[in-house]
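Every number in this text was worked out from the coordinates using simple rules, so none of it is lab data. Just so it is clear, the structure is predicted and the values come from calculations on it, not from any experiment. Every residue, glycine as well, gets a Cβ built from its backbone with ideal geometry; the counts of neighbours run over all protein chains shown.
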Amino acid sequence: MIQVLAFYLFATLVIASAVFVIMSRNPVHSVLWLIVAFFNAAGLMVLVGAEFIAMLLVIVYVGAVAVLFLFVVMMLDIDFAELRAGFIRNFPLGIAIALVLVAELVLGIGAERAGALKLGTPDGTAAPLMDRSNIEAIGALLYSRYLFLFESAGIILLVAMIGAIVLTHRERSDTRRQNISKQVKRRPDEATINVKPEVGKGVQL
Amino acid sequence: MDFAASLSLVAPEILLSTAGLVLLLVAAWAGDGASRAISIASVAVLAACAFMVAPALCSGAMGPDTVAFSGQFRADAFASFAKLLIYAAGGAALIVAPAFFERVHAMRAEYPVLILFAVLGMGLMVSASDLLTLYIGLELNSLAAYVLAAFLRDDERSAEAGLKYFVLGALASGILLFGMSLTYGFTGTTSFEGIRAALSGTISMGALFGAIFMLAGLSFKIAAVPFHMWTPDVYEGAPTPVTTFFATAPKVAAVALSMRVTLDAFGGQVAAWQQIVIFAALASVIVGALGAIGQTNIKRLLAYSSINNVGFILIGLAAATPQGASAMLVYLAIYIAMSVGGFVAVLMLKDADGAPVEGIAEIAGLSRHRKVLAACLAMVMFSLAGIPPLFGFWGKFVVFQAAVQAGLVPLAAIGIAASVIGAFYYLKVVKVMYFDEPANVAVGKSDWAHQALLAIAALFISPLGYLLTRWLGALADKAAAALFLAA
């Protein structure tokens, strides 16, 4: 009973906040609504017993992606009113595409239910471990069977990082960068000078 | 298979990644001044890796002893053959780079590191026997390649090439992933062996869709028509050493990967994909030949030539026989030598200030003042056209032979006809170099490393190459046998 209640609560909130994402006038509010939607989707994932995905949603989507969106929205000067005008003009097209997608979903699921579409039977390498949470099950697979691929994926992320630095990092001459070792090495006698200004005359440094 | 045995099978990959990480640290501390030293170290690492994979090829390793990490990785003779070609091409891209980048003060220590990681990704691709390995290898290679294409970031064309390659490559990865998820959904497994077993009998519509989407994604990576549009722009815009790399190593990796997917995973369903491959082969041969005719930039011309060559390679795949696979490998080896020769010759075309010369009109009369260079470039062009005394003919010959033996006579006939069209623009370059009024633009001196590489490539594609046919054919046969045993 409580599960059903929780499901309807989370589901309503996901849909409501998703509507607010596209309806709110202020783009920053949109991103904040998006965060609400992610949290509620995480709640739904917990309900179906996928707590690992719930955690990923919160950590990756809320923690990283949403914050990134917020940065982009705040840093870039985008005319959202103009974007919205295009949105309304293309609204019928959007609805048509959405209907096509829904029809495909219905047809696909219907065909599978009717037995016209036979999916493969899983080969069992990724079967869940008994009496273990799915975090443990994923960990056990990731660090044993798929260890090699897991490590290789790490190299991909490293290459992405090298790439971002190679393409964007450059020494700039027009900014004054902090040189900590130079600051630390400075002696008091280099930093201060004693002058005795005459009355009525300024100091020449 | 226990863990230690698996680790010993991926020893070249471990060496490559460790070397990449160490050299990255060296690059971070020593700065761009150390790029030449890092490049030399990277070439040494590639040579060491080549020595590590060579025994598997010479002994024709195949069967369960070559499978690592519960069927995700296969270090058999086929993978070794492809890896040797990839290491050679990667080494060439490292050797030609410093002289080119140093002129514009853009040689950065990350270049050799990125090449090493790209080579690592390609090694994973050719050894993949699981959809996950396939994808991770492909992405590792592509991600490094996107950065390399935009390596001259102050140059507009290079930035454009990088962006174009990235957007289209991401789209192709999406298509490939969609196909992989369909395949997984309809077979219930990601391993090639499992997919093959699950697809016995008539293939279901869903699995067929999966196979087609995967082939579409892979055709993008090998630049086969109709997924070739990015090639001329990216090859022209990317810095020439990077273009040398793109035209060689990733081609080998993607072709070898396509062979694994079609002949191993979908090897029981040849009828399902054969027509697609035949279409892609013919379209590539024809579009590559016709598209090159109007080109005025020699890098664009070589890009169309690479599309054309991929078509000939795919004719071997359409045969779907061990002879076809062996012919493809022989063709790949010769193609690598021709491409490296062609692009190194382009790198050596410089004006008096040392700036690169890329226009075909600007090399008019090259034979008058750069005799040896013009002769080498002419040899590469004749070889690409498949004119008999040169080694390029042998590659085309074995591919057509395999197609005829597999009963694909019309395919071979159209291929031969199209190669005549292709000969037109190759010969045009030779004509411009030898018979036109000298433009006296490409007069600059070239680096000794470039000369050495060009000499090696020219020697390989010269008629002396025929001394290697027996040896090369035997190795390719071993590799093809390993591929078909795995299947």
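Brief remarks on what is shown
- For region A:87-131, alpha-carbon Rg over 2.2 N^0.38 Å: 1.92
- Value of Rg to Rh for region B:196-314 (Rh from inverse mean 1/r over Cα pairs, i.e. Kirkwood): 1.04
- Helix B:409-435 vs. chain B, principal-axis angle (Cα, 0 to 90°, nearest 10): 20
- Estimated inter-spin distance, B:TRP29 and A:ALA137, nm [label 7 Å along Cα→Cβ]: 4.6
- Folded to 0 to 90 degrees: helix A:2-23 orientation relative to chain A principal axis, Cα: 60
- Using the empirical formula 2.2 N^0.38 Å as the baseline, the Cα radius of gyration of region B:314-444 reaches a ratio of 1.23.
- Mean Cα-pair separation over length for region B:1-158, i.e. relative contact order, pairs under 8 Å, 6 or more apart, %: 26
- Distance from the C-alpha centroid of region B:112-132 to that of region B:366-409: 29 Å, rounded to the whole angstrom.
- Furthest towards positive pole of dipole, A:ALA96, B:MET348, B:TRP273, structure part the protein assembly as shown, Cβ charges: B:MET348
- In straight-distance terms, cross-link reach from B:LYS478 covers every one of the lysines whose alpha-carbon lies under 29 Å from its own, apart from those fewer than eight places away in the same chain; here that gives B:LYS83, B:LYS221, B:LYS251, B:LYS396.
- Arranged from fewest to most other beta-carbon atoms within 10 Å of their beta carbon, B:CYS49, B:CYS376, B:CYS58 become B:CYS58, B:CYS376, B:CYS49.
- The amide H of B:ALA442, built 1.01 Å from its N in the peptide plane, has no neighbour under 5 Å, considering only residues 5 or more places off or on other chains.
- In terms of Cα atoms, the Rg and Dmax of region B:148-200 work out to 17.6, 54 Å.
- Here the calculated FRET efficiency for B:ALA37 and B:ARG103, from their Cβ-Cβ distance with R0 = 25 Å, stands at 0.85, rounded to the nearest 0.05.
- Helical runs (DSSP H, four residues minimum) scored at -39500 (n - 2.57) apiece and divided by the length of the protein assembly as shown put the mean residue ellipticity at 222 nm at -24000 deg cm²/dmol.
- Table column - 3J(HN,Hα) (Hz), region A:62-67, Karplus curve with 6.51, -1.76, 1.60, x for Gly and Pro: 6, x, 10, 5, 5, 5
- Partners for B:LYS371 among lysines (Cα-Cα distance below 16 Å; same-chain residues under 8 apart left out): B:LYS350, B:LYS431, B:LYS445
- Estimated Rh, region B:351-405: Kirkwood, alpha-carbon pairs, angstrom: 13.3
- Shape call, region A:1-78: gyration tensor on alpha carbons, a/c limit 1.5: oblate
- Extension gain (nm, one decimal) between B:LEU427 and B:LEU459, 0.36 nm per residue minus Cα-Cα: 9.5 nm
- Axis of helix A:147-168 versus longest Cα principal axis of chain A: the two differ by about 40°, to the nearest ten degrees.
- If R0 equals 22 Å, the separation of the Cβ atoms of A:MET75 and A:ASN26 corresponds to a calculated FRET efficiency of about 0.90.
- Inter-centroid distance (Cα atoms) of region B:46-76 relative to region A:148-205, Å: 49
- Pairwise label distance in nanometres, B:GLN401 with B:ARG153, each label 7 Å out on the Cα-Cβ vector: 5.0
- For region B:367-382, 3J(HN,Hα) computed residue by residue from phi via the Karplus equation (6.51, -1.76, 1.60; θ = phi - 60°) reads 5, 6, 10, 10, 4, 5, 4, 4, 5, 5, 5, 4, 5, 4, 5, 4 Hz, glycine and proline entered as x.
- Just so you know, the averaged projected area of the alpha carbon convex hull for the protein assembly as shown sits at 42.8 nm².
- Around B:ILE421: net Lys/Arg minus Asp/Glu count, Cβ-Cβ under 15 Å: +2
- Gyration tensor verdict on region B:54-183 (Cα atoms; rounded if a/c is under 1.5, prolate if a/b is larger than b/c, oblate otherwise): oblate
- Other-chain or far-sequence residues with amide H under 5 Å of B:ALA68's (modelled H): B:PHE73, B:ARG74, B:ALA75
- Ranked from largest, the principal axis spans of the Cα set of chain B equal 65, 57, 42 Å.
- Between B:ARG470 and A:LEU147, the modelled labels are 4.6 nm apart [label points 7 Å from Cα along Cα→Cβ].
- Stretching A:ILE59 away from A:ILE180 to a fully extended chain increases their span by 40.1 nm, per 0.36 nm per residue minus the current alpha-carbon distance.
- Whole-Hz ³J(HN,Hα) from phi, Karplus 6.51 cos²θ - 1.76 cosθ + 1.60, for region B:383-390, glycine and proline x: 5, 4, 6, x, 7, x, x, 8
- What the Cβ-Cβ distance of A:VAL203 and A:ALA16 gives, at R0 = 60 Å and to the nearest 0.05, is a FRET efficiency of 0.35.
- For region A:27-43 versus region B:227-283, the gap between their alpha-carbon centres in whole angstrom: 42
- Taking all C-alpha pairs of chain A, those more than 28 Å from each other amount to 63 percent.
- Under 5 Å, built H, 5+ apart or other chain: amide partners of B:ASP130: B:PHE192
- For q = 0.21, 0.27, 0.29 Å⁻¹, Debye-computed log10 I/I(0) when each Cα of region B:86-126 counts as one equal scatterer: -0.65, -0.90, -0.97
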